[in-house]
Amino acid sequence: DPWCQDSLCNGGGFCCAPERATGSKLRKFADPLPVLPVKKPWFKEDGKTYYHLTMNQFKQRLHSDLPDTTVWGYDGMYPGPTVKVHTNEQVYVKWNNCLPDTHLLPVDQTVHGAYPDVPEVRTVTHIHGACVRPESDGYPEAWFTKNFDRTGPYFTRKMYHYENCQQASTLWYHDHALGITRLNVYAGLAGFYLISDENEKALHLPEGEFDIPLLIQDRSFNADGSLYYPSQTDPPVPGLETSIVAMFFGDTILVNGKVWPYLEVEPRRYRLRLLNGSNSRFYMLFLDSGQQMFQIATDSGLRAVPAALKQMTLAPAERAEVIVDFTNMNGREIVLKNAAPAPYPDGPKPDQDTAAVMQFRVKKRITRIDTSRIPEVMNHIPPLSFKDVTRVRKLTLNSVTDQFGRDLMLLDNRTWDDPVTENPVAGTTEIWTFINVTMHTHPIHLHLVDFQILDRQPFDVSRFTEKKELRFTGSPRHPDTEEEGWKDTVRADPGEVTRIKARFGPFSGLYVWHCHILEHEDYEMMRPFYVLSSQTFL
Ligand code: C2O
Ligand code: CU
Ligand code: CU
């Protein structure tokens, strides 16, 4: 198109957005599910394990009908390689930023994305769910670029220390750079970090090639195979200098970096580690065979006992581990489907495309006798008690209109740059009460700690004032079955009060809590919190 030269609109503008290859043009279940390689340690010394992982840009085939897509990843792959560690293993990771100088996706220059004097791409890696000291947590302002690190003389790389002082769990690493997390993660900066322990090993769960991590993400593509992500001028908002991308919903679903893949399975039990790594999309996952999935783990570790579920909801960043039994299903083709309704009232309707996630083809011969089990008891989860609670915080999830006329989602009516207001003391237990007066469900994530969900209760939003008095309109509900146990992310539904209970520590210092809808997180729905050292109060 002669009117669409780069020199005319510099790319990125809506005037020359290439035609989008809509999801429905791509065949479903055309490509095998990628097996994510396990990262080999760099070296081991004095009981410490060292890794290095390098962020870079490369091309990868995301569907056999698409041209190669330029993506970002770690060590030349999207998703990044899987890091496997053991509880209490002392792990050091050198995170290298070897990304090019320009972003792959449109950066909004009006929020924290704008650092005019930093020409290169900013990144910082956070291990979601990790129990780490603040200096290794990947604080959003601890970003560094290929040639610049304002936090110290490390320049192009950072060595982070992970003490793994936590039980077996499915964690994941992803980028967390201030104001551009949604773009960096969308470009591909995510991978699995799996912690194992002795308790888990003794349970005889399906293991090895029968233990499969599944990273579920939605993406849209341009016809040339490049990733499509809307810019703030697309579509332009009349009368406004800028609008924001308030949420993003892609029209294809990728698992482990392939669009709608299939997996050939043996007629036996499998352990599937489901992770919703999408920017905004929620999933309600079920198998179209109608069979049950036996949930064995939540975000932060094994459940007390397995739960047989036909369907489970996963908000962005939530994990669920399930055992699926394909025994006696030889010859069957089973689709993992998504029943989630329209993500928000005025949002895109669910469609044929995002209703499918991936397919299992039960056709292989048994290569090894299946000695795995679905255990009866897996973990000890201490029951909730209120005796040890030292503080209850009421935190509002609200929205405001900023000076550009944009709707921003906030935590307790404060923005990222406001001073710290949540400062629990290490070793103490608090209840955090999320009062959602917005129209959306927000998956709220706290760094450092695991928590338990107490309950949810509807309240009268129209009579809610700054005094934060709550008029309940219904009785409290227990958490959903798939939420029983340890969590690090909780869905706070609109018009409801969601309560969690967490013991802060063991470390003190600066961390963050935020909505894990990445478009909300980047636009002010993230706050620092500071864990005070208990010595201060002795
Ligand atoms: Cu999954 Cu603050 O992160
Ligand atoms: Cu996190
Ligand atoms: Cu949100």
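Below, the figures for the structure above:
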| item | result |
| --- | --- |
| Only listed residue being on the phi > 0 side of the Ramachandran plot, of a type outside the set (D, E) and within 16 Å of ligand 2 (Cβ to nearest atom), chosen from G495, G485, G509 | G509 |
| Residue match in the range 302-318 (condition: within 16 Å of ligand 1 (Cβ to nearest atom), in contact with a His (Cβ under 9 Å, 6 or more places away or on another chain), charged (D, E, K, R) and at pLDDT 95 or above) | yes |
| In the range 117-131, residue farthest from the chain's Cα centre (by Cα) [restricted to those that are away from ligand 1 (no atom under 12 Å from the Cβ), modelled with pLDDT of 90 or more and not basic (K, R)] | V121 |
| Residue match in the range 267-279 (condition: within 28 Å of P383 (Cβ to Cβ), charged (D, E, K, R) and either outside any loop (DSSP other than H, G, I, E, B) or touching a Gly at 6+ places or on another chain (Cβ under 9 Å) (or both)) | yes |
| Candidates R373, R406 - the one that is more than 18 Å from H516 (Cα to Cα) and surrounded by 14 or more Cβ atoms within 10 Å (Cβ to Cβ) | R406 |
| Residue count, the range 283-305 (criterion: outside any strand (DSSP E or B) and surrounded by 21 or more Cβ atoms within 10 Å (Cβ to Cβ)) | 2 |
| Any chance R471 is surrounded by fewer than 19 Cβ atoms within 10 Å (Cβ to Cβ) and either of a type in the set (V, I, T) or out of contact with any Asp or Glu (no Cβ under 6 Å at 6 or more places or on another chain) (or both) | no |
| Some residue of the range 71-92 being among the aromatic types (F, W, Y), crowded, with 20+ Cβ neighbours inside 10 Å and closer than 21 Å to G47 by Cα | no |
| Restricting the range 417-460 to residues that are of a type in the set (V, I, T) and within 16 Å of ligand 3 (Cβ to nearest atom), the residue that is surrounded by the most Cβ atoms within 10 Å (Cβ to Cβ) | I444 |
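So that you can scan it fast, the table gives a plain yes or no per residue for (1) crowded, with 19+ Cβ neighbours inside 10 Å; (2) touching an Asp or Glu at 6+ places or on another chain (Cβ under 8 Å); (3) modelled with pLDDT under 95:
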| site | (1), (2), (3) |
| --- | --- |
| D493 | no, no, no |
| R499 | yes, yes, no |
| A502 | yes, yes, no |
| I517 | yes, no, no |
| E521 | yes, no, no |
| F529 | yes, yes, no |
| S533 | no, no, yes |
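The values are calculated or read from the model by the stated rules, or taken from the named source; none is laboratory data. Fair warning: this is a prediction, and the values are worked out from it, not measured in the lab. Heads up, the Cβs are rebuilt from the backbone with ideal geometry, glycines too, and the neighbour counts pull from every protein chain shown.
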